[in-house]
Every structure is written in structure tokens, then in C-alpha cells.
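Please read the structure below before turning to the comments.
The values are calculated or read from the model by the stated rules, or taken from the named source; none is laboratory data. Computed from a predicted structure; not experimentally measured. Virtual Cβ from ideal backbone geometry, glycine too; neighbours counted across all protein chains shown. For the accessible areas, the whole protein counts, side chains as well, though only heavy atoms, and no ligand, DNA or RNA atoms are used. Shrake-Rupley method; radii C 1.70, N 1.55, O 1.52, S 1.80 Å.
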Amino acid sequence: MEQQLKQLEQEALAKLQAAANLKELNDVRVAYLGKKGPITDLLKGMGKLSPEERPKMGALVNAVRENVTAQLEERVAVLEEQAILEQLEKESIDVTLPGRKVRQGNRHPLTRVIEEIEDLFVSMGYEIAEGPEVEKDYYNFEALNLPKGHPARDMQDTFYITEETLLRTHTSPVQARTMELKKGEPIRIICPGKVFRRDNDDATHSHQFMQIEGLVIGENIRMSDLKGTLDALAKKMFGDDREIRLRPSFFPFTEPSVEMDISCFKCGGKGCNVCKHTGWIEILGAGMVHPNVLEMAGYDSKKVSGFAFGIGAERIAMLKYGVDDIRHFYTNDSRFLSQFHRTEG
């Protein structure tokens, strides 16, 4: 039995060294040290030996099993390290290869227009004011000299939640709220934001669009101040060679009211398809704040005055970037949006 035990030990050690991977090594372990292996069988046969032989053979069998187990563990460590090195070799990265370019997004054209206008007015001392998109009828209409039943409300038909709650049709409610909050103090703000009207969507109309309004209130605010402000805006957005003209118009919340046109940036005023052969392009509406609006907000219209204006961000973006359909701004078409990488400032 002793001779048989030594032979088994040599066979097991030889096969451990010959194992090329962890699977083969595990097969050797099961074959020699498993429950049905020859070393285990020898331990089970100890009962057939005489009491004098049993201690000697038991110690010998245990020594062989411990030696094979120790050699197995060493071989496992070697093969595991080898497997890790092979995996690293397969998964190695050639750092000399050029990297894959990670494409970055860019600002939406409407965001760019709004930020450009904000930067201009902030540099002129204006503050940026915001307000709720779900608005009260009072702030959207009544506080702006548009009482219930006023025919001018038809031009700003919107989405009503209740009779007194609606989606705002312009950002003018922010002006009304600011005037109410300031309690007679001077104001210089712009109000960018999303507005809603019940329009049929087409190339130039949308039920949802972005608007930027401005408001200045103080002593001795004149129409000439408004004109100078709008001239600075036109030159900032469309170039220093732009000229502006003001045409009489009507808005319930301003008196007098004007429409502002700029000289056509494409033809220089000679006439083309952009300006409909007039040499001028309509840009925005403006005017001096109506005395009724000032009085309702707690201002003394005999002591202070002000001007207000409203700009459609889509209108500016369509002219500035040559966009022919307002719906492009809202369809999230990456082919359209990617064009603005080349115009990023």
C-alpha cells in the first residue's frame, strides 16, 4: 500500500504540472482528491489494516494528500496569474492610435438668440425677470389695459384652464407683476419666456413660441430713449449698418404705439424676396407704457413714464439664420440643429 501511495503521489504531481489551464487543473483535483479518487479510497481502506499499521499509513496518506493539495494551490495561483496576463494582452489599448472624436452638442438657435439679446440688455443695466407660464387672466389681460370683453383680446386667443386661469399669451404679465412688486420704484427689465396662442401651425405661426419683452419705467423716459434702445438692438442682432424706422401702430398697453422695421440686411434696402421688395423688414412692436397700465400698478403717470417692447425670438432667428419654417425649431431634427455648429460664436 505504501508503494501504491507513492506512485499515486507522483502521478498526481505530474498531472498538476502538465495542466495547461484552470479547467484541466480542476479535473486533476477531482480525479485524485475527490470523493471517488484513489487517495480517498485508501483512507476508506484503513479499516482493513492492523492496529499497528493504521497510524503509520494514516500519517502517510495525510502527508501525500497535503502535499498534492499544496502543489495544487501553487499551480492554481500560477495559472490564474497567467490567465490575467493573457486577458490583459488581448484587451490592451494601443495608445498611439488617434482617439475617437467625441461630438459635442451646441446651443439651440433660439437659446443663442435669447442669450445674445440678454447679454446686450444686461450690459445696458437691465435685469432679467421671469414669471409663471400658467397665468391669471388679471395679469395677462386686465392689468395691461385689456378688460374682459375688449376686442383686442381676440388677437391673443389662448388656452384657458379655467375662466380666470390660462396659458400666458405674452411675457407682459411678468411686467405687470414686477410693477406691482416694485411699488412705484424705477424698473429696467427684460422678460424672456415661452408663450402660447391658439394659432394654426404653419411655416410662420406656432401655438407655442418664445418671446422677449422689455420694460423701462422712471422719470423723464421719452420716445427717443425707446428709439435709441431699439437701434442698439437692431445693430447688435443684424449688423452695425442697419437702419431702423418706426411706424404708428396700436397696442392696448402702450400709447403711442409703434412697429419697428429694419433696413433689409440682404439687399441693403434695394428690394428683394426677404423684404418683399420694400427694403424694410418688420421686427417688433413697442411703445410708451399706457398711463392706465402705470396707474393700475401703483405708479403716478403724471410723474413717471416708461417704454415697452416685445420681440419674437423665432422671428429674429429665422431672419438671422435664414430659416424658412418656424416648425424646424421644435421638431428636434438633428440635421437641422447640426447646421448651427458652423455659426457657433
#### Entry: Within the range 196-206, considering residues that are more than 27 Å from Cys264 (Cα to Cα) and in contact (Cβ under 8 Å) with a residue 40 or more places away in the chain, the one surrounded by the most Cβ atoms within 10 Å (Cβ to Cβ)
Phe196
### Query
Pick from Gly239, Gly214, Gly218: which is surrounded by fewer than 17 Cβ atoms within 10 Å (Cβ to Cβ), among the small types (Gly, Ala, Ser) and under 32 Å from the mean Cα position of the chain (by Cα)?
Gly239
### Summary
With criteria (1) at pLDDT below 95; (2) under 23 Å from Arg112 (Cβ atoms); (3) open to solvent by 10 Å² or more (accessible area, probe 1.4 Å); (4) under 28 Å from the mean Cα position of the chain (by Cα), Pro192 comes up short on (1)
### Task
Give the range 146-156 a look and list any residue that's open to solvent by 20 Å² or more (accessible area, probe 1.4 Å) and within 25 Å of His205 (Cβ to Cβ), or say none.
His150, Pro151, Arg153, Asp154, Met155, Gln156
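In the range 5-34, which residues are outside any helix (DSSP H, G or I) and either of a type in the set (A, V, I, L, M) or open to solvent by less than 40 Å² (accessible area, probe 1.4 Å) (or both)? Quick ask: steps written out before the conclusion?
Taking the range 5-34 and keeping what is outside any helix (DSSP H, G or I), we get 19-21, 34.
Listed by number, the residues that qualify are Ala19, Ala20, Gly34.
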## Note on the structure
A careful count of residues in the range 106-145 that are open to solvent by 60 Å² or more (accessible area, probe 1.4 Å), among the hydroxyl-bearing types (Ser, Thr, Tyr) and touching a residue at least 24 places away in the same chain (Cβ under 8 Å) gives 1
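Take Ala313 and decide whether it is crowded, with 19+ Cβ neighbours inside 10 Å and in contact with a Phe, Trp or Tyr (Cβ under 6 Å, 6 or more places away or on another chain).
When the stated conditions are applied, Ala313 does not pass them.
Out of the residues in the range 157-184 that are open to solvent by less than 30 Å² (accessible area, probe 1.4 Å) and not in a helix (DSSP H, G or I), state the one that is modelled with the lowest pLDDT.
So the residue we want is Thr158.
From the list Leu144, Leu120, pick out the single residue that is in the same structural domain as Pro291 (by TED's automatic domain parsing) and touching a Leu at 6+ places or on another chain (Cβ under 8 Å). Outline the logic, then answer.
Details: Leu144 fails: touching a Leu at 6+ places or on another chain (Cβ under 8 Å).
Criteria check complete, one pass: Leu120.
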### Task
Would you be able to tell me the number of residues in the range 53-79 that are surrounded by fewer than 12 Cβ atoms within 10 Å (Cβ to Cβ), more than 19 Å from Ala14 (Cα to Cα) and among the charged types (D, E, K, R)?
1
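Given Thr229, Thr254, which one is in contact with a His (Cβ under 9 Å, 6 or more places away or on another chain), more than 26 Å from Phe336 (Cβ to Cβ), surrounded by 15 or more Cβ atoms within 10 Å (Cβ to Cβ) and touching a residue at least 12 places away in the same chain (Cβ under 8 Å)?
Thr254
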